[in-house]
Every structure is written in structure tokens, then in C-alpha cells.
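Asker: Please find one structure pasted underneath; my questions will follow.
The values are calculated or read from the model by the stated rules, or taken from the named source; none is laboratory data. Since this is a predicted model, take the numbers as computed values, not measurements. Note that each Cβ is placed from the backbone with ideal geometry, even for glycine, and that neighbours are counted across all protein chains shown. Side chains included, ligands, DNA and RNA excluded: accessible areas come from the protein's heavy atoms. Shrake-Rupley method; radii C 1.70, N 1.55, O 1.52, S 1.80 Å.
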Amino acid sequence: MGLLRAAAGAALAIALAGCSATDDEGGVTTEMLLNAASDSSEWLTYGRDYSEQRYSPLDQINLESVKDLGLAWHADMDTARGQEATPLVIDGNIYITTAWSKVKAYNATTGEPLWDYDPQVPGETAVKACCDVVNRGLAAFGDKLYLGTLDGRLIALDRKTGAEVWSTVTVDQSKPYTITGAPIVVGGKVIIGNGGAEYGVRGYITAYDAESGEEDWRFYVVPGGPEEEGTEPEYLAKARETWNGEWWKFGGGGTVWDSMAYDPELDLLYIGTGNGSPWNQAYRSPGGGDNLYLSSIVALRPETGEYVWHYQTTPGETWDFTATQHIMLANLDIDGRKRKVLMQAPKNGFFYVIDRETGELISADNYVPQNWATGFDMATGRPIEVPEARYGDTGKPFVSTPGAGGGHSWHPMAFSPSQGLVYIPAIEAAFPYFPETDWKADAHRGFNVGVDQAAGGLPAIESVREATAASTKGALIAWDPVTQTERWRVQYPGPWNGGLLATGGGLVFQGTAAGYVKAYDAADGSEKWSFPAQTGVIAPPITYEIDGEQYVAVMAGWGGIWPLAPGGIVNETSGPVPNISRLLVFKLGGTDTLPDAPPLVRRPLDPPAFTGDPAELTQGTYDYGRYCGTCHGDAVVGSTVLPDLRRSPVLNSAESWQAIVHGGALQQNGMASFADSLSPERIEGIRQYVIFRANQDKELGGIGDQK
Ligand code: CA
């Protein structure tokens, strides 16, 4: 179908249906995706259009009118974990994904529920997921929606009914792969990556025919085992020269768990790749090497999956410095030249402006404080590292800023073309990398990174914890990508604030960790509007227009890795906040209200007496850090999202504890059995450590509680 005919079809559909822009026969077409930026009534694809700018020209809600913004409607979710999804809006309906990879459809004007889809992800899949059982959204094409599920399936749904059309398994489900990211559809192919590099996998993306679900091509990020040498494509043969040792035994990592973007003119698909598996390069690739294509932006031909170029943000990655963060395309005037650029603020703390045609580094500067590099060698495009940063080589701990949480995680940025600014939901936090001695991979369970999570996690000592909390912050940063300077910021007391939306109304919308949805003046960051959401908001808002009214929609629901792992970091405005999962939709003059928030009830801190011995406590401390802390909190200071084990009644019964941790009694909730990794004796050691920590904190008056 030609572009003109598609446009005419879309215009006709709008005329007939009032709010429908899709072609009645073909649904969402390639032409519509290519022109998504000019369709402000809908939100057709993850980042609104292929440039992933998350900028809408809608301006009914603007600097003056935003004071009248009110809740139009809301919908309660049936999951109580982190909600990270970007909704899609098509033909007057809004489509969302929730925790546990569920999908829901509503009338976008009234909130009337249309259908629900539950892929029935097995509960025990949760232990393969580093960062909560989240999902970040759908792709739409034709009459279908595409969903990646936590357990590694790609599923096509009928957009009208929610009925499953096809389903294909995209990962080896015996390995710790998960999918949390949204697929992208380019040229009739639906493309999906995966995650799992904290546990031991080899990263790749796969393209499937959107209509049939047939696999089309697969692109591996890192080289495989020796049996593939000589048979692999040239880009992987080149990568092989940058690796040492037996990385393939543990997968090597480089998972593409989030960001993709597409430039139709250059016909290049951009993917962001993740950290090494394990993190500690001394174990992953002894003797070093760049370890291509970890922590890189890679440009591919979407038709074939052919490699075109790459830029590696962190050569020889060893700090969990993924480059899976939001990739955004824009055209900028730099030094008197129009440049087609790609921009990214990956975890390592530097903001990159890259020529998206060639992969040439145009500029890089740090957008948050950092101490692992002294700058960039612009001749080579490589960071100049501080030698002490390589803890795996020195054998000594290194406290890095940013840390493993990154200067920026998956939370999408936004761009305002009129301001020329990129808005970054930034994190300011350090992480102590304690190299683990005599580390051995565990193919079954646990955080497999070669960094001691008990030593490196949030410390048990209250004064140290408070110092850590005081230096851990979040910010909304307005960044000038041409001059690589900060224009303004909104400082938050805590990290893990929401993704962003910029609008033609001169506003930037953001949810906050402290439980608000806010609108700021895009020019100077002054606050223009605030709505109490009753829960932490981490997902990015979107906007759409139906029958002449502009709406802003956002998923609310506290969760993701930050509340789970270092969940004990609280302060007066960043927590603890409960998880109350909802879809919130706003419009000018909206009069809907939320029911009163239930009080946040936490069980009393009343542990039994510690009865272990010192050796048991030492082993229990290590095992807790490696196997438990990622979900139940560093030093057992839990969040409000998952059980705070210090307060668990199960602590009183060694038998009940064994039934859960060894026997898998709660596997449907996500608490799978650890019997393949941990003996009953070591499981009891973990119980003793939790009891020990609970008593410590009880004596101190309950750290991690309300301050
Ligand atoms: Ca990671």
C-alpha cells in the first residue's frame, strides 16, 4: 500500500469514526508507524514514534491550563508489583501491560474495561528476574498487539478481543532468561530481546514475521562457544578476538532487555546491549579485552539482522554498566553542522551524542557525578579509566559512582524540540564493588556476578546506612545535548523517579518515587501541577487526544529493582511508599477521585532469639546476599513490595522456613525452591542471619521504618 493511499485511508477513517485513525482493513500499517510523530491523537508505539523522543505536540494542557488538570478516570490493577509500562492508544482505546506480563484494554475516554489477557506466567519465573516481575509495554501492527512475557514467550493478540493469535518461545526456558521490554515492529517484523545477565545467559534479539510468528533472523550480541568458531558471521568473529577464557560457559551476557530505535531514512535499527555475565571481568574474560558487544549501541539492518556498526560505551564492562538505556534519535545543529544523532544516558553516567549514520562519537560528558573515568580520548572514542576502578584486577573493593543502579536506568527520557533539551530521570548513587574470591557460577539460582553482594549491598550498620541514604538521590535533569551541560534540575531526595513525557504545552510530566504525578515548566523546571498518586510512580506518562480533549495517562505502582534490592534506603519523602497499582488518566476539568489510601501497615519487628553460631552466621550472611537480597533487600531491610523477612512470622519456625526455601511451598507467588543450590543446613544459616539482623534492628528501634 502506498503512502498516499494509507494517509487517505487514515483520514477517511478519522472522518467516519471521529476518533479512529487506523485503516479499517489493515489496522496499524507500516506507513502509520513511519508517520506516528504527526498523529498526536494516538500513541502507536513505545516511544510514540521510531525516534523515541516521547514528545507530543499536543498543547491543550499547557503552562496556563495545567492547574485545571484533574483525574478523568482510573482503573485498579490485579497485580501489586512494579508497573513500568508505556500504554498504547489506538482507535480510541488504551492498551496496557502490567506486572506478570498481563494485558488490559479500556475505552480511553471513559475507562470502560474492554478485555483482559493473562499469559499465566508460572510464579517461579520470578526468581529468574533480577528486577521485579515487570513489563514495559506492547507493540502494535495490523490488527494485533505483541507482548513479551516474563517467561520468554512472544505472543500476538487480536487487538479487538484480546484473544491469542500466536505464541512462540523466544528463549531457552531452562536458562535464566526473562523478557520485560516492549517489542518493536519494523517492516512487518516484530523484534524482541531478553534479559538475564545477572544470572548467566547469552544476549540476543530475534525478529519474527508479525503475521505468522515464524522466526526470521536472530542476532547474537556476544560470541558463542568454540564450536561456533569459523562458522559465525564476521562481526562475531571480530568480537571473539576481544574475549578470553571460557566466557561461553556462562553466556557472556550482553542482553538487549530494553531500548531499541529505528531510523527509516538510514534503514538502521539501533539496539542497546547489557552488562557482562558475570559482572566481574576477571572471571568472565581473564586477562581483559573489550568483550564486544557488551554495553554497546549496535546498528543493524532490520530486514536481515545484518551488523552495520557499533559504539561501545564501556569497553571491558565490569560494573553492570549496561547500555540498554533509552536510545533517542534527533537532528541537532552542532558546530554549524546539521547532525543526525543518537543520544543515550547509559548507566555509566556519561551522556553520549553519536552520529547515527556512522557510529562516530560526537561528544560525551557526565550527566551525574562519576569517579570511574577521568574523561574521554576523543581520538579513539574510549573512556579513560581510573585504574582502581577495575576491582577484579586489583582484588580490592572500589566504590563507584554511579554504581550498579546506574546514573539512569530503564525510565524513559523525553526531548523537547522547542527547548532543545533532553530530560533525564537520573539517579545519584554509589555502589561498593567487593571482588568475590573463589567465585563459582551457580547455574540454578542466585545473583551470579562475581561481586560479593553481602559486602557490596546496603550495609547493616545504621550510621553507614544513613550516610548512604543521605548521598543517594534522584533528579530530573534538563540536559543540553549540544553543549553537554545541565540547564536546570529538579532535585529529589530519593532515586527511582518515573519516566518522562514532554509536550507542546511547554510541560514535562513525571511521576515520583514519593508518590506524585507532577508537571514542570519545560523551560525552567518550575513545578506547575502535582497529583497525589498514593504510590510510587515509575512508569512514563503518555498523552493523546480524543474528540477535542487532551488526556495524560500513566501507570502507577511502586516496584522494580530499586525498592526490592536497596529497598531499605528511605527518607522523609522517598518512602516507604506502598504499592497501589492503577492506571491514572487525566484531563482538564477531570472530576474523578481516588478512594482514600489504606494506611501502610507493616508487621511488628518481633523476631525470635538468634541461636546460630559464628560460622553459620558468616555463611548465612554470604548466602543471603547472593540468593535473597536482590528481592528481599540488602541487609534484610525489605521494601513494601515484597515481604520484609525481618518481620516474617515464618522466622519462628525452622520447619516452615525449610518448606518454603527448600520445598518451594510458595512457588506460585514467585518464591521458588532453592534446593538445587542450597542445602537445608545453609538454608537454616540464612534464617539465623535474618534473625540476627532483625534483632540488631529491633535494638536500634527498627531501621528502614518510617523516619
Ligand atoms: Ca544488569
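Asker: Which is touching a Ser or Thr at 6+ places or on another chain (Cβ under 8 Å) and open to solvent by 70 Å² or more (accessible area, probe 1.4 Å), of R682, R603?
Answerer: Details: R682 fails: touching a Ser or Thr at 6+ places or on another chain (Cβ under 8 Å).
None of the other options fit; the residue is R603.
Asker: Let me ask something additional. Mind counting the residues in region 255-279 that are over 15 Å from the mean Cα position of the chain (by Cα) and either within 13 Å of the ligand (Cβ to nearest atom) or among the acidic types (D, E) (or both)?
Answerer: Final tally of qualifying residues: 7.
Asker: While we're looking at this one, here's another question. Looking for whichever is open to solvent by 10 Å² or more (accessible area, probe 1.4 Å) and touching a helix residue (DSSP H, G or I) at 6+ places or on another chain (Cβ under 8 Å) here; the options are V165, V171, V185, V121. Which one fits?
Answerer: Testing whether each residue is open to solvent by 10 Å² or more (accessible area, probe 1.4 Å) and touching a helix residue (DSSP H, G or I) at 6+ places or on another chain (Cβ under 8 Å) leaves just V121.
Asker: When only residues in region 371-405 that are in contact (Cβ under 8 Å) with a residue 40 or more places away in the chain and closer than 26 Å to L332 by Cα count, which is surrounded by the most Cβ atoms within 10 Å (Cβ to Cβ)?
Answerer: P383
Asker: If the Cβ limit is 7 Å and pairs must be 6+ apart or interchain, which residue in region 585-600 that is touching a residue at least 60 places away in the same chain (Cβ under 8 Å) pairs with which residue that is aromatic (F, W, Y) and buried (at least 16 other Cβ atoms within 10 Å of the Cβ)?
Answerer: Partner pairs satisfying both residue conditions: V585/W73; V585/Y551; F586/Y551; K587/Y551; D592/W73.
Asker: Return the total of residues in region 614-663 being touching a Pro at 6+ places or on another chain (Cβ under 8 Å) and not hydroxyl-bearing (S, T, Y). Outline the logic, then answer.
Answerer: Just the residues of region 614-663 that are touching a Pro at 6+ places or on another chain (Cβ under 8 Å), to begin with: 632-635, 639-641, 646-647, 651-652, 658, 662.
Within this subset, residues satisfying the condition of being not hydroxyl-bearing (S, T, Y) are 632-635, 641, 646-647, 651-652, 658, 662.
So the answer is 11.
Asker: If you don't mind, there's one more thing I want to ask. In region 358-380, which residue that is in contact with a Gly (Cβ under 6 Å, 6 or more places away or on another chain) and hydrophobic (A, V, I, L, M, F, W, C) is farthest from F321 (Cα to Cα)?
Answerer: Looking at residues that are in contact with a Gly (Cβ under 6 Å, 6 or more places away or on another chain) and hydrophobic (A, V, I, L, M, F, W, C), I get L361.
Asker: Which of the residues spanning region 455-474 are buried (at least 22 other Cβ atoms within 10 Å of the Cβ) and at pLDDT 85 or above?
Answerer: Matches in region 455-474: T472, G474.
Asker: Within region 476-512, which residues are under 15 Å from G536 (Cα atoms), at pLDDT 95 or above and not in a loop (DSSP other than H, G, I, E, B)?
Answerer: Matches in region 476-512: L500, F509, Q510, G511.
Asker: State the number of residues belonging to region 136-182 that are small (G, A, S) and more than 26 Å from P412 (Cβ to Cβ).
Answerer: 3
Asker: For the condition farther than 30 Å from Y433 by Cα and either open to solvent by less than 70 Å² (accessible area, probe 1.4 Å) or without any contact (Cβ under 8 Å) to a residue 40 or more places away in the chain (or both), what is the one hit in G625, G663?
Answerer: G663
Asker: Taking the conditions exactly as written (in contact with a helix residue (DSSP H, G or I) (Cβ under 6 Å, 6 or more places away or on another chain) and over 23 Å from V256 (Cα atoms)), does T149 satisfy them or not? Spell out how you get there, then give the answer.
Answerer: On the way: in contact with a helix residue (DSSP H, G or I) (Cβ under 6 Å, 6 or more places away or on another chain): yes; over 23 Å from V256 (Cα atoms): no.
No.
Asker: Could you list, in sequence order, all residues of region 315-339 that are away from the ligand (no atom under 16 Å from the Cβ) and either not assigned by TED's automatic domain parsing to the domain that holds P481 or not in a strand (DSSP E or B) (or both)?
Answerer: Scanning region 315-339 gives P315, I327, D335, G336.
Listed here are the residues, each with its yes/no results for (1) assigned by TED's automatic domain parsing to the domain that holds T255; (2) modelled with pLDDT of 95 or more; (3) outside any loop (DSSP other than H, G, I, E, B); (4) away from the ligand (no atom under 16 Å from the Cβ).
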{"residue": "Q370", "(1), (2), (3), (4)": "yes, yes, no, yes"}
{"residue": "G375", "(1), (2), (3), (4)": "yes, no, yes, yes"}
{"residue": "A379", "(1), (2), (3), (4)": "yes, no, no, yes"}
{"residue": "I384", "(1), (2), (3), (4)": "yes, yes, yes, yes"}
{"residue": "V399", "(1), (2), (3), (4)": "yes, no, yes, yes"}
{"residue": "P402", "(1), (2), (3), (4)": "yes, yes, no, no"}
{"residue": "P412", "(1), (2), (3), (4)": "yes, yes, no, yes"}
{"residue": "F415", "(1), (2), (3), (4)": "yes, yes, yes, yes"}
{"residue": "P425", "(1), (2), (3), (4)": "yes, yes, yes, yes"}
